[in-house]
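Since the structure comes first, as structure tokens, the remarks are kept for the end.
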Amino acid sequence: MSGRAQLMWDEAVTGYDFGPGHPMDPVRLILTRRLVSALGLDREVEVVGAKPAGESTLRLVHREDYIEAVKAASADPRAADGAYGIGTLDDPAFTGMHEASSLIAGLSVGAAEAVWRGETQHAVNFAG
């Protein structure tokens, strides 16, 4: 075990856009990452990335039809299916939402796996 905590980060997590005024504005992630750097915390932790969560991982927590609905809305936000809660005020559809969401999930999985394998004692993904 390295003894250093891991900060899971990939700039691409800021690639989502729920629209103006939505509280989940990606600027919150950008500012948090800048704060980590400004305080020098990124010298105290290992900053690592991870690959996006794959289909089999996503299916552990989501039905296949839901994943397909997210992919469809990701390709064409006008195709968002409100029956799945996609394209609503809470969860607006946007181009690339599947890719951004899969990456955020992949970073969380990567953090959990690193702790489980004993590579680090602590890991955080402040994107989700």
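None of 53, 73 is open to solvent by less than 50 Å² (accessible area, probe 1.4 Å) and either among the β-branched types (Val, Ile, Thr) or in a loop (DSSP other than H, G, I, E, B) (or both) except 53. No other residue among 42, 65 is modelled with pLDDT of 95 or more and either touching a strand residue (DSSP E or B) at 6+ places or on another chain (Cβ under 9 Å) or part of a helix (DSSP H, G or I) (or both) apart from 65. Residue 87 satisfies every condition listed in (1) open to solvent by less than 60 Å² (accessible area, probe 1.4 Å); (2) modelled with pLDDT of 95 or more; (3) in contact with an Asp or Glu (Cβ under 9 Å, 6 or more places away or on another chain) except (2).
Considered as a group, the residues in the stretch 101-128 that are among the β-branched types (Val, Ile, Thr) and touching a helix residue (DSSP H, G or I) at 6+ places or on another chain (Cβ under 9 Å) include one that is surrounded by the fewest Cβ atoms within 10 Å (Cβ to Cβ), and that residue is 124. For the stretch 94-110, indicate whether the set of residues that are touching a Lys or Arg at 6+ places or on another chain (Cβ under 7 Å) and assigned to a helix (DSSP H, G or I) is non-empty. Looking for residues that are touching a Lys or Arg at 6+ places or on another chain (Cβ under 7 Å) and assigned to a helix (DSSP H, G or I), one finds at least one in the stretch 94-110, hence yes. The conditions of being acidic (Asp, Glu), outside any helix (DSSP H, G or I) and either at positive phi or modelled with pLDDT under 95 (or both) are met by residue 25. None of 43, 59, 33 is open to solvent by less than 60 Å² (accessible area, probe 1.4 Å) and basic (Lys, Arg) except 33.
Contact annotation: no residue pair with Cβ atoms under 7 Å, 6 or more positions apart or on different chains, pairs a residue in the stretch 22-34 that is over 9 Å from residue 126 (Cβ atoms) with a partner that is at pLDDT below 90 and of a type in the set (D, E, K, R).
The values are calculated or read from the model by the stated rules, or taken from the named source; none is laboratory data. This one's a predicted model, so the numbers in the text were calculated from it and none came from an experiment. FYI the Cβ positions are ideal-geometry reconstructions off the backbone, even for glycines, and counts take in every protein chain you see. The protein model used for the area step is the full one, side chains on, heavy atoms only, and it has no ligands, DNA or RNA in it. Shrake-Rupley method; radii C 1.70, N 1.55, O 1.52, S 1.80 Å.
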